[in-house]
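A.B. asks: Following this message is one structure expressed as structure tokens.
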Amino acid sequence: MRVLLIEDEFLVATAVEAVLFSLGHEVVGSAATVDAALAALDRGPSPDAAILDLNLRGQPSLAVAQELARRHIPFVFASGYERDEAVGKQFPAAQWLRKPYTDKQINATLSGLRTGEDRHPREGGDRPYGASKPHGFPPSP
């Protein structure tokens, strides 16, 4: 699956890119701001799915979500915040990946995007990503 990764925390983005690669996915673009994400969509190649941080450097990423929805590209919101009802109503097909999340949750969520199901596990997994503290990152090999 070709995945566009939109994440403003460099260490989280780097770790998630490595996990996506290890799971057999291709990262077709990475962006840390709303403008960069919209430019990545215009530049191509077109992704099959996107992982979208809800808050990019203090700016809501809803414009990116709207563009993904307009292009019929399935996406998952990644956030340290609880699921937002207003955002959920605006984007009912979007899934929610709660930070910190694990490689197992990433894999299950992307599988769910393929089938249109919400299949990501709520707990478990062994490698958390998206934690705001250094202990949330995988150890170096």
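The values are calculated or read from the model by the stated rules, or taken from the named source; none is laboratory data. For clarity, every value in this text was computed on a predicted model and none was experimentally measured. Reconstructed Cβ throughout: ideal geometry from the backbone, glycine too, with neighbour counts over all protein chains shown.
A.B. asks: For the condition modelled with pLDDT of 85 or more, closer than 22 Å to Gly29 by Cα and assigned to a helix (DSSP H, G or I), what is the one hit in Leu97, Leu68, Leu113?
C.D. replies: Leu68
A.B. asks: Looking at (1) over 18 Å from Arg2 (Cβ atoms); (2) aliphatic (A, V, I, L, M); (3) in contact (Cβ under 8 Å) with a residue 24 or more places away in the chain, can you tell me which one Val64 breaks?
C.D. replies: Answer for Val64: the failing condition is (1).
A.B. asks: All but one of (1) touching a Gly at 6+ places or on another chain (Cβ under 9 Å); (2) assigned to a helix (DSSP H, G or I) hold for Val87; state the number of the condition that does not hold.
C.D. replies: With respect to (1) touching a Gly at 6+ places or on another chain (Cβ under 9 Å); (2) assigned to a helix (DSSP H, G or I), Val87 is out only on (1).
A.B. asks: Got at least one residue in the stretch 45-53 being over 25 Å from Arg83 (Cβ atoms) and polar (S, T, N, Q)?
C.D. replies: Yes: the stretch 45-53 contains one or more residues that are over 25 Å from Arg83 (Cβ atoms) and polar (S, T, N, Q).
A.B. asks: Something else: Check off (1) farther than 20 Å from Gln66 by Cβ; (2) of a type outside the set (Ser, Thr, Tyr); (3) touching a strand residue (DSSP E or B) at 6+ places or on another chain (Cβ under 9 Å) for Phe10 and give me the number that stays unchecked.
C.D. replies: Only one criterion is unmet by Phe10, namely (3).
A.B. asks: Condition check: in contact with a helix residue (DSSP H, G or I) (Cβ under 8 Å, 6 or more places away or on another chain) and either among the hydroxyl-bearing types (Ser, Thr, Tyr) or at pLDDT below 50 (or both). Does Pro138 satisfy that?
C.D. replies: It is true that Pro138 is in contact with a helix residue (DSSP H, G or I) (Cβ under 8 Å, 6 or more places away or on another chain) and either among the hydroxyl-bearing types (Ser, Thr, Tyr) or at pLDDT below 50 (or both).
A.B. asks: Determine the pairs where a residue that is without any contact (Cβ under 8 Å) to a residue 40 or more places away in the chain, located within the stretch 70-83, has a partner that is in a strand (DSSP E or B) and among the acidic types (Asp, Glu) with Cβ atoms under 9 Å apart, the partner being 6 or more residues away or on another chain.
C.D. replies: As it stands, the answer is Phe77/Asp53; Ser79/Asp53, since those pairs meet every condition given.
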